[in-house]
Each structure stands twice: as structure tokens, then as C-alpha cells.
1. For region B:40-72, enumerate the residues that are within 20 Å of B:SER244 (Cα to Cα) and of a type outside the set (A, V, I, L, M).
2. Please indicate, with yes or no, whether at least one residue in region A:32-51 is of a type in the set (D, E, K, R), within 11 Å of chain B (Cβ to nearest Cβ), in contact (Cβ under 8 Å) with a residue 12 or more places away in the chain and open to solvent by 40 Å² or more (accessible area, probe 1.4 Å).
3. Where the second residue is of a type in the set (Val, Ile, Thr) and open to solvent by 40 Å² or more (accessible area, probe 1.4 Å) and the first is under 25 Å from B:ASN296 (Cα atoms) and lies in region A:189-215, which pairs have Cβ atoms under 8 Å and are six or more apart or on separate chains?
4. Which number in (1) more than 8 Å from every other protein chain (Cβ to nearest Cβ); (2) closer than 19 Å to B:GLN61 by Cα marks the one condition that A:ILE225 misses?
5. Every residue in region B:19-64 that is open to solvent by 20 Å² or more (accessible area, probe 1.4 Å) and either of a type in the set (Gly, Ala, Ser) or not in a helix (DSSP H, G or I) (or both), please.
6. Looking at region A:101-178, what strands (runs of 3 or more DSSP E) fall wholly within it and have at least 1 residues that are aromatic (Phe, Trp, Tyr) and in contact with a helix residue (DSSP H, G or I) (Cβ under 9 Å, 6 or more places away or on another chain)?
7. Looking only at region A:118-133, which residues are farther than 16 Å from A:ALA79 by Cα and open to solvent by less than 30 Å² (accessible area, probe 1.4 Å)?
Amino acid sequence: MKKALLILFSLVLVSSLLFAGGSGEKATAAKKPLIGVSIWSSTDTLGSQVKRILDAAAKALDVNVMYVDQGHISEQVTASAETLVAAGVDGFIICNSASAEMTSVINTATRNKVYTAQFFRVIDPVANPNEHALAVASPYYVGSVHEDEVDNGINLIQILTKKGNRKIALEGWEAGDATFLLRWEGYRKGIDLWNAANPNDRAVLLDPQYGGTTSDTGRATAEAIINANPDIDALIVAGGGGDTLVGALAAIESLGLKGKIDVVSTDFLADLDEQLATGGMAAESGGHFCDPLFAFMMVYNAIKGNYQVPTDGYYEILFPYLYVASSEDYTAYAKYFVDELPYNAEELRAMGNMSFAELNATAEKLSIEDVISRR
Amino acid sequence: MFRLAFLTTGKAMNETISTFKRSKYFGYALLLGLALFFWVFFKILSPHNFGTSKLMANYLQTSIQYAVGGCGFYFIVVMGMFDFSIGANIVLSSLVGVLLSRHFGYYGLILGCVLCGTLIGSFNGFLYTRLKIPSMIVTVGLMLVLESVANYVVTLDSAGFPGKLTNANVLAFNHAPWNFIAAAIAFLLMGFILRFTKLGTYFNAIGSNEFVAKSMGINVEKYKFIGFVLLHFFVGIMALLTVSYGKGMLAVTGMGSMSRNFKPLMGTFFGVAFKKYGIPVSAIVIGEFIITLIFNGLVALNVPTTINDFVTGAVLLAIVTLTNRGLRGSVVK
């Protein structure tokens, strides 16, 4: 029996080698660049949107792309860089969890002469001076594309306080996540700004509870938060890829509080239209699934030799958030960002030949109006 | 004379107490006492936002899915085996259920989850019994395989919201009464198997001493295989409850499903600890409820989740240690 199973496993391994050989043959015929993507998940709500736009870009630029899901677990984040390098990528983009991981990631890239760029993330020079210095000096760290998360946090609090919410609960996804910490800072600043302007009508933000990145843990945590604080009038689901929010909305619905608790978040859901119309969601910031596209373009241009990577700095793009607070807002968003992609193949090819200044300007002006003007 | 009567009465009373201490009533009293202790503890500290009857129903609703998985886990844990592929099975079975629900509604969801779970159990059991490799090693390998398959399955879901139960017509198990009914059926089935079939006895015999069980004529390999099938049948039901509870499932890779193994396992620890009282099913259900109670109590006190995990783990260890102390000089495997 063991022999039969060993033969079976051997056949599986040999067939996988044959398949690998097949694709390798194609690759060597006309050596396409191979760009890796180290992402928390390529299948969750936000991750699948990211994959969609990156696949479109890879197709338009005739580039091979390889994904590694690392679940935002530190050791897996650093291992993902090594995995991609071992697979022979020419460059890779990465969404790390904590900035400390970037020491290993940048060293891996530099040692193997492979370009890398961060998406959804930037290294804070004050909080992480060593990692920042390493990134600045590396000839293979191309740069980062990120959002102003603090500003995003302030904006969401402003939306909630203007709607009359005064006791706001917070559900994060993982303690210590770099993006969550920045958003949390923004929420606190938003509360401070409101309280300074309205000393007699103060708002309060509860300490965060963490609901992981799956919908069932998201729901259990949201239920626990609401049960423990029945007088909250708003809940911020800080992020986590979208599944945490799906669970939190299920919790609110099951407790019969849909429309009574205003929910805001930073991950666009596929059924956001319905959620906004039925009171499930109060507002969302998002649309940032195009952020990795620009990191991808930066690495692509570095591989092609179009961008000289400096050793006294790096390229940085501040990507804008879109804010959706009504069903009408979402209809326009859905038409140009969900039903079709905001960039067509021709525009994606053009991006591959842009200078950094042009690429930066393209990213900064991305909005629903921008897409309409190009159609 | 009087002294003799006193001693006889005392001895009889000691025997009665000793018998009571070994009875299922003592086990129930201990479990309910623990639940009551934690309820009172958190109720005193947080009187307004903890432990009302409505909230208790919510806590129970959260805990039953893990209790169902814990029941399944019991079958192999009592035989001294372990399975790391539970989480991956939950993910894969859920995604298969969601995919089939798009075409066949409830039939697709229920059969997709339960049948897929059971088939995976058969596969696990087959590999374990044929390869004769420790269950931990086999199931770690299978976890990676199942995670990869789950990632493939999610790509087959062409709905705009892959892996998510967006159709309100298949959400009955998302809330009471159907989630409770499904869980109750699973608990009754578990109780029936342990009490009214020879499986429970054989599983315990294999767990106590495999060689003795073999020499008694028990087909150890066959019952280990059945143990895996039963485990994953219950995991299939857990997948149905979990995917309905969260209205979706996230496909993960790189052992990301590992954390899903441990919440059901906590309930199983209670089941194993209270096995001596003959109430493993009740212990698993009440044990999972106690764990949920502690989690919600700590959230009510605004304790950060990280400390919450620490407290839950420490309490679990304390309870299992106190209820399942081995005899002096006994060897703990």
C-alpha cells in the first residue's frame, strides 16, 4: 500500500514538474518579467479586487505575476519575500504587517538584486528610523504607495460626529498592525478635534477590540462589543480586508440594530450599494484597491530601467481615498470601479511608460470624475 | 455500641459522598458551578452590560458552533490522536457549501458542507491508517493541501462576492432557531453514538491501551478510520454553522487555518476532563459556553483582546488541571 502511495505521490510531483517546465518553456522563449505580489490574502474582499487590477496590468504589460498570501503574520511576511526571490521574480511588491518586517524584506531584495516596493504601507521615519534608513540607502527599494491613514481616520470621525454619533466603538483586526495604528491615531485626532470645537457636546471613542480577518470572528467580536456597550451609536470597523466588516454587519443585523448603529469602515464591500440603501452602512472610505497598481508600475519601470532607484531616498505616492456615504455615490463608484476597472488596457500600457512624476500625478487625481473624463 | 453506630453511619456517609463525587450529578454540578461562578464574577464587576438573559442567549449562539466541532474532536482525542486539518476542512467545506448554494440553495449549502467535510474525514482516516504516520504529521500535510484546494474552489465562485453568503434565502442557520436546532441534532447524535453504540467504548479502549484493545479483538485501524470520519462529519456541521454565522468564509493559505483548530479543541478538553463523570457532550457544550462567557465578560470590562486571550487560556488550563489531575506517580503522555 505504501509503495502504491509513494508511486502516486511521485507521479503527482513529476506531473507538477512537467507543468512547471511547460510554463518555463514559454517564459524562456520570450523572457517576460516576473513580478511577485506578497499580499495578506488574494481572495478576501479587498485582496480579490487588488488581484483583479494587477492581473489586468500584468496582461496589458505582458508581464507574469506571482502571488503569495502571507496572512499578515510577521514571519510569513518575511518568508514571502524569500519565497518570491527563490521563485525567480525580477521584482516584487509587498503589503507588510509591521514596519519591523521591512528590514528582512529589504535585505532580501538587496542581497538578490531584486526590486521591491510597498503598497498600502510606508515606513515611518520617526517610529522606525533603522528600517527607514535601510530603505533610503537600498538601490533596490523603489518606494511605497500609501494612503494618508491618519487623515482618513479623521474624516470618518467627522462623518460620524456630523451624523450625531457621540459614543463610538472600534473594531480592529490585529493589534499592532501598522495601518491600524495610523487609522486609530486618526480616529483619536478626529475625536479630539470635535471635542475641542464642541466642549459641551463631547464624543467618546472606545478602546479597540480585535476581530481578526474572518467574518465569523468579526461577528463574534462585534457582538461582544455591542453587548458590552449597548448605548453605542456608531461602530468603526477599521479594516482587515472586508471580511471583518461582513461579520460585524451580520452581528448588527442579528441583534436587530441595523440602521440604529452607524457603521463606517475602510474596505469597500461588493454589496455596499444595498448596505448604504438599507442603513447597514453609514459611510465608507475606500477605492484604494488601485494603490498596489502604482507600486506594481514603479517596480515594473525599475526593472525596465526607466526609473533610477536613488540611494538617498525613494519614490513615494500618496494615494487618495474615495468616500461614499449614499447609494447615489455608490452607483457612480460601482459603474467605474466595480463593473469595469478604472483603467483600461491602453491606459495601463501608457502607465508603463510614464515618468515617476506623471505616474504620481495619475495616482493623485484618481477619482470617479477622473474616470468619467477618460471614458 | 453508640460509637460503633456512629462510625458505621460516618463510613456510609463517606461512601455516599464518594459515590456522589464520581456520579454524573457531581459533574453537572461542577460544570454549572463553574459557569455560575464566572457569571457572578463578571456580573458584579459589570452589572449593566453583562449576563442578561438575552445576552446569555447570544453567548450560547456564539459558542455552539465550536461545541459541535469539539464533539467531533472528542472522537479522536480520546484515542490519543490529533488532527490539524480541522480548520482547513472548515474553510474548504464552507466554500464548497457556498458554491453549491448558488445553484441548489439549502440543499447545496447543507450537503456541500457536511458531505465535503465527511469525505475529507474519510481521506484523512484512509491516509492515517494506511501510511501509519503519526496523525499530527499526516494532518499538517493535509491542512496545506486542503488550504490550497480551498483557494482553488473560491476562484470557481463567479459571484461578485466570492465565498460570501449574500443570498438571504440560505441564511436560516445564521440565527435562532435553526442554528440551535442543527447544533442540538449534532449533540444528540454525539450522545447517541457514545451511549448506545459500541463506538464510544471502543474509542475509550483504544485510547486507554491500544495493544490491549487489539488483543481483545478490536479492529483498531477500522475504528481509528471511523473516528476520523465522525470527526470530520461534525466538522462539516460546524462549517455549516460557521459560514452561516459569519455570512461567508475566507480562503487562507500558509497554515492560516490553524487557529480554527483550537476553539473546538478547548471544548474537547472539557469533554475529556469530565469523561470520568460520563458527561462528555454536556461538558463540551457547557465548556465552550464558559469560554464564550469569559470572552464576553472581559470585553464588558473593556479588557483588550490580547489580555483576553491570555486570561481565557489561563482559565482553561486551570480548569482542566483541577478537574483532570492524574494519580500520583502516573505517566502523562
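The values are calculated or read from the model by the stated rules, or taken from the named source; none is laboratory data. Because the structure is predicted, anything quoted here is derived from the model rather than measured. Here the Cβ positions follow ideal geometry from the backbone for every residue, glycine too, while neighbour counts run over all protein chains shown. Keep in mind that these areas ignore ligands, DNA and RNA; they rest on the heavy atoms of the full protein, side chains included. Shrake-Rupley method; radii C 1.70, N 1.55, O 1.52, S 1.80 Å.
1. B:ASN58, B:TYR59, B:GLN61, B:THR62, B:SER63, B:GLN65, B:TYR66, B:GLY69, B:GLY70, B:CYS71, B:GLY72
2. yes
3. Hits for this filter: A:TYR210/B:THR306; A:GLY211/A:THR217.
4. (1)
5. B:SER23, B:ALA29, B:GLY33, B:PRO47, B:HIS48, B:ASN49, B:THR52, B:SER53, B:ALA57
6. A:115-119, A:141-147
7. A:PHE119, A:PHE120, A:ARG121, A:ILE123, A:GLU131
So that you can scan it fast, the table gives a plain yes or no per residue for (1) away from chain A (no Cβ under 13 Å); (2) surrounded by fewer than 18 Cβ atoms within 10 Å (Cβ to Cβ); (3) not in a helix (DSSP H, G or I):
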| residue | (1), (2), (3) |
| --- | --- |
| B:ASN261 | yes, no, no |
| B:GLY287 | yes, no, no |
| B:ILE290 | yes, no, no |
| B:LEU293 | no, no, no |
| B:ILE307 | no, yes, no |
| B:VAL311 | yes, yes, no |
